[in-house]
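Report on one structure; see the data block that follows.
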Amino acid sequence: MDENVFEEMAQRYDTEERKALAEVILKEVRSELQDSESESLMDYGSGTGLVGLELIDLVNSVLLVDSSQGMLEVADAKISQRGLSNANVLCADLTQETPNIKADIVLVSLVLLHIPDTVKILKELHGILNDGGKLLIVDFDKNEQINHPKVHNGFVHAELKNSLLEVGFQPNDIRTFHHGKQIFMNQDASLFLSTSKK
């Protein structure tokens, strides 16, 4: 996806459909993070913080990282409105740069599909995670109905697991947790959650 596409979408990004999908993802991610209160979480490709900001009560701190300044301005406004002292934003594109940040938990929700080189971004995320840290990936299962030059058409669990292993992660679990109507480029699709340890 082109940077400018996300900049233009920023102000109207939080549609009812996106909020509904974020709720579904949140429910699954929250159950995974039950015992994380003293840990720091980085939400990479956070957009306006629809998922990351709703996890703030489960962790010590949340850092929303996105390459779109416009998305982060919307997220920052939410942080101010809610008076959240333990949430911050950072404008960065990990496919282009390596910011000096560390986290105990990294969440990548519906982001991997937009990044051409999956292994390269997984390496970057591995570097950001503290030892023993946890990587949570939410994305779409492989969907042959979808064909787009700039977007992966989802992921095969076994292939993703191999990429995670190649980078040095210990994949714990990859499971499909939701089937939805027209949620991926107007096609019916299913979502998976992958959890790995560094």
note = Among 72, 63, the single one that is open to solvent by 10 Å² or more (accessible area, probe 1.4 Å), closer than 21 Å to residue 98 by Cβ and not in a loop (DSSP other than H, G, I, E, B) is 63
query = Applying the selection to region 139-198, what residues are of a type in the set (Lys, Arg) and out of contact with any strand residue (DSSP E or B) (no Cβ under 8 Å at 6 or more places or on another chain)?
reply = 150
query = Before we move on, is residue 137 part of a strand (DSSP E or B), under 23 Å from residue 27 (Cα atoms), open to solvent by less than 50 Å² (accessible area, probe 1.4 Å) and in contact with a Ser or Thr (Cβ under 8 Å, 6 or more places away or on another chain)?
reply = yes
key: Residues of region 94-125 satisfying the condition of being surrounded by 16 or more Cβ atoms within 10 Å (Cβ to Cβ), of a type outside the set (A, V, I, L, M, F, W, C) and farther than 26 Å from residue 190 by Cα   = 104, 124
message = I need a count of the residues in region 1-43 that are in contact with a helix residue (DSSP H, G or I) (Cβ under 6 Å, 6 or more places away or on another chain) and free of Cβ contacts under 8 Å to residues at least 60 places away in the same chain.
response = 1
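The values are calculated or read from the model by the stated rules, or taken from the named source; none is laboratory data. No experiment lies behind these values; they were computed from the predicted model shown. All Cβ positions, even for glycine, are placed from backbone atoms using ideal geometry, and neighbour counts span all protein chains on display. Side chains included, ligands, DNA and RNA excluded: accessible areas come from the protein's heavy atoms. Shrake-Rupley method; radii C 1.70, N 1.55, O 1.52, S 1.80 Å.
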